[in-house]
Amino acid sequence: MADLIVRGIYRLATWAALPFVLAYFYWRGRREPAYRRYWKERLGWIGDVPARAIWIHAASVGEAILVTPLIRRLEQAYPDRAILVTTMTPTGRERIERTFADDVYCRYVPLDTLGATRRFMRRARPGLGVIAETELWPHLLAAADRYEVPIALVNASVSQRSAARYQNPLWRHTIARMLASLAAIGAASQAHAERFVALGASAERVHAVGNLKYDNIPAGADESLATALRDDWQAPDRPIWVAASTHEGEEARVLDAWAELRARHPELLLVIAPRHPQRFDAVAELLEARGIVFARRSTGQLVGDDTGVVLADTLGEVPLFYAAANVVLVGGSLVPGIEGHNVLEAAALARAFCVGPYVREWQDIVDALVAVEAACVCDTPAALVATLDEWLADPDLAAAAGRAGRQLVHERSGALERSMQMIETLAHDRA
């Protein structure tokens, strides 16, 4: 009875909220015009898509990046089947369209109303669905069940905190029903798999396949290129600290730490790579305001003995900077709101790295790397300075941390293959 009441309330709530959601998209379109495009897709009118397509849902750009290798493998395994990719955000859609061009059909996922989701399933008629991470929408899953579309989760995770919240009597039956409707769950770890089963998923359908992020690491820079970069910067023997993917509020903290470290390591060269290009000039102004001698990477300015900072105001070079680094800070973690960025790039290149305390999006992976002493979580500015100082003073210790990180990445790879096996089994059963 409680489940029926919750479902009824949810149905009314989504119907009542629809005008406000559409109004929000229209309002947001003032700053991001892409939000005002393809309105019909949000309501389930998705245009022509070949029947029996393999449907993959990647909510935003992070999930789109995550599933890119999986999509490529599916293209190879099923060359005669169309692939439909849905996203929730324009950035996710743009990433898929830029990566795959016309090789896949890209659409917005319908808003989770009863009518929109059923309309989507009737028009798409997918042969099976693959949802990245734990993007579970009650009406969407119910529509898939209604039209007999088997759904698999990949890279699925549920934290202890979320699992405890889902045990609330108000939600427990609804969550259990959604999980029980899934044809397969590829859990990111054994612990996550056990939580899914405890919440109501069928044990026979839950597989601890591992985390796809370990298989989704961009190719690292060649060591010879890193050596050439150091030579170009006239810094073959200078210690280099790379602070990558930084956000507003983080650069000031990084510069404070660099000033303290430079008192102990006078030749320390800091490379700051802001996450967003639109902030390059703001960081340059910050460096100028502090009277720091710096070089902008984009202008080809020479890096001399008196240069303290390189502003990495270019795109796509972070792996090269990591390869040239002695120690690394992965940004998006020093201030709340971002909750971390990809730490595996630095680990795969065998670089000792640290992060701030805000890494919720990468918590499991950071915890695993900390456990093998490949990384450090620095909760305070003093801890950041102390950690980097220890590594800079003892290069062998930093090198050991780097090797431990690379070994862990190697040991935990393989989730892509196991996810493919799970999907192929599902596809075979539906053939």
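The values are calculated or read from the model by the stated rules, or taken from the named source; none is laboratory data. Everything numeric in this text was worked out from a predicted model, so none of it was measured. Glycine gets a Cβ as well: all are built from the backbone with ideal geometry, and neighbour counts include every protein chain shown. These accessible areas exclude ligands, DNA and RNA; they are computed on the full protein's heavy atoms, side chains included. Shrake-Rupley method; radii C 1.70, N 1.55, O 1.52, S 1.80 Å.
Assorted remarks:
- Test: residue in the stretch 375-397 that is part of a loop (DSSP other than H, G, I, E, B) and not acidic (Asp, Glu): yes
- Considering only residues in the stretch 314-345 that are at pLDDT below 95 and in contact with a strand residue (DSSP E or B) (Cβ under 7 Å, 6 or more places away or on another chain), the one that is least open to solvent (accessible area, probe 1.4 Å) turns out to be GLY340.
- Looking across the stretch 183-223, the residues that are outside any loop (DSSP other than H, G, I, E, B) and not hydrophobic (A, V, I, L, M, F, W, C) come down to GLY186, GLN190, HIS192, GLU194, ARG195, GLU204, ARG205, HIS207, LYS213, TYR214, ASP215, GLU223.
- Checked against the criterion of being without any contact (Cβ under 8 Å) to a residue 40 or more places away in the chain and in contact with a Phe, Trp or Tyr (Cβ under 8 Å, 6 or more places away or on another chain), the candidates ALA371, ALA383, ALA375, ALA415 yield just one match: ALA375.
- Filter pass, LEU141 being over 15 Å from VAL197 (Cα atoms) and without any contact (Cβ under 8 Å) to a residue 60 or more places away in the chain: yes
- Residue in the stretch 348-368 that is of a type in the set (Val, Ile, Thr), in a strand (DSSP E or B) and either in contact with a Lys or Arg (Cβ under 7 Å, 6 or more places away or on another chain) or at pLDDT 95 or above (or both) present: yes
- Residues that are open to solvent by 30 Å² or more (accessible area, probe 1.4 Å), in contact with a helix residue (DSSP H, G or I) (Cβ under 8 Å, 6 or more places away or on another chain) and without any contact (Cβ under 8 Å) to a residue 24 or more places away in the chain, drawn from the stretch 173-210: VAL197, SER202, ALA203, ALA208
- Out of GLU361, GLU373, GLU390, one residue alone is open to solvent by 80 Å² or more (accessible area, probe 1.4 Å), touching a helix residue (DSSP H, G or I) at 6+ places or on another chain (Cβ under 9 Å) and under 15 Å from LEU261 (Cβ atoms). It is GLU390.
- Subset of the stretch 126-156 [within 21 Å of ASN211 (Cα to Cα), in a loop (DSSP other than H, G, I, E, B) and either touching an Asp or Glu at 6+ places or on another chain (Cβ under 7 Å) or among the aromatic types (Phe, Trp, Tyr) (or both)]: GLU133
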